[in-house]
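Novice: One structure, pasted below without further comment.
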Amino acid sequence: MRLATLNFPSPAVMGVLNVTPDSFSDGGQFLDPVAARRQAERMAADGAAIIDIGGESTRPGADEVSEQEELDRVLPVIEAVNAAVELPISIDTSTPKVMREAVAHGAAIVNDVYALQGTGALAAVAELEVPVCLMHMQGLPRTMQQDPHYDDVATDVTAFLAARVAECVAAGIAEDRIIVDPGFGFGKTHAHNVELLANLRQLQDLGKPILVGLSRKSTLGELTGRNIDSRLPASIAAAVIAVLHGARIIRAHEVQETVDALKVAGAVMDSSL
Ligand code: 9MG
């Protein structure tokens, strides 16, 4: 299903569906298209607005996968999910061939943690005419957590995203198809992540919908002392803070709980306008 508009009337949840054996929290669970389809149906029933499907783990230190392996993982799942749920699917990839094939098989959005910096990625999205999420990352997944540095994290991330938006527009991607994402956990210390969340509003200067992914991330483990399976309350708190600080889309593993929390946050925001 295509995404009609990026102007979500209330904060939206993007449900995470990793089709990988090694993702940091749900690795291996949804490699089978039937299991993936069931999970997508659950997320749709729970109120997700988008389903994000990815075939390559981007956790720190993750191994790269070949283009063919990525295609073999995601295409059957995109087809199965697209046939089963009436929701736009985003494809979490940085590879132009995967972007093209995913869209041909039913994906409606590109979610690129490299913000279309890879060879041919800008041209692929311009040609596909689909919305794109540009995420900030300092370094590369294998080494990004080795001593990341910023002068001012929110200002530096905003400047990076402004430059990527300008590159996208110059390449022919429509302004109203661009989402921006500060990339929590991608080349950032825990202190950077907290400071970035506190100053998220700065990203509103870009005039684009802001997507935030903090669900289950290690900063929440650091703050709470909880392991990955016990970070739901912290993930919800982070999601609500992000929305109150300007995020419109929250990427989350636990959809139902996040949707409920954002209903409360959204109602409070609407009544304070
Ligand atoms: C794929 N992926 C993992 N974490 C993410 C995040 O925070 N944002 C986006 N857009 N994608 C992510």
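Novice: Based on Cβ point charges of +1 for Lys and Arg and -1 for Asp and Glu, what charge dipole magnitude is obtained for segment 119-205 about its Cα centre, in debye rounded to the nearest 20?
Specialist: Taking the Cα centre of segment 119-205 as origin, the dipole is about 240 debye.
Novice: What residue among Pro233, Pro11, Pro88 has the largest mean-square fluctuation in a Gaussian network model of the chain, using Cα springs under 10 Å?
Specialist: The residue with the greatest mean-square fluctuation here is Pro233.
Novice: Give the cross-link partners of Lys263 among the aspartates and glutamates, using a straight C-alpha distance below 15 Å as the criterion and excluding same-chain residues fewer than 8 apart.
Specialist: Asp46, Glu254
Novice: Probe of 1.4 angstrom, ligands and nucleic acids ignored: what's the accessible area per residue over the chain, in square angstrom? Walk me through the numbers on the way to the answer.
Specialist: Details: 11550 Å² over 273 residues.
With all protein chains present, the chain gives 42 Å² per residue.
Novice: When the accessible area of the chain is split by element with a 1.4 Å probe, what percent falls to carbon and sulfur?
Specialist: 50
Novice: Okay, moving on. Can you tell me the order of 121-134, 193-206 when each peptide is scored by its average per-residue count of other Cβ atoms within 10 angstrom, highest first? Before the final figure, lay out each step's value.
Specialist: Values: 121-134: 21.8, 193-206: 18.0.
Highest to lowest by the protection proxy: 121-134, 193-206.
Novice: Could you give the C-alpha radius of gyration of segment 12-271 expressed as a fraction of 2.2 N^0.38 Å, taking N as the number of residues it contains?
Specialist: 0.93
Novice: Pairs of Cα atoms under 8 Å, at least six residues apart: use those to get the relative contact order of the chain, whole percent. Spell out each step's value before the answer.
Specialist: Details: 545 pairs, mean separation 53.8, N = 273.
Relative contact order of the chain: 20 percent.
Novice: Under the definition of Cα pairs under 8 Å and six or more residues apart, what whole-number percent is the relative contact order of segment 111-169?
Specialist: Relative contact order of segment 111-169: 38 percent.
The values are calculated or read from the model by the stated rules, or taken from the named source; none is laboratory data. Here the structure is a predicted model, which means the values were calculated and not measured. Cβ sites come from the backbone with ideal geometry, for glycine too, and all protein chains shown count toward neighbours. The accessibility values were calculated without ligands, DNA or RNA, using every heavy atom of the protein model including side chains. Shrake-Rupley method; radii C 1.70, N 1.55, O 1.52, S 1.80 Å.
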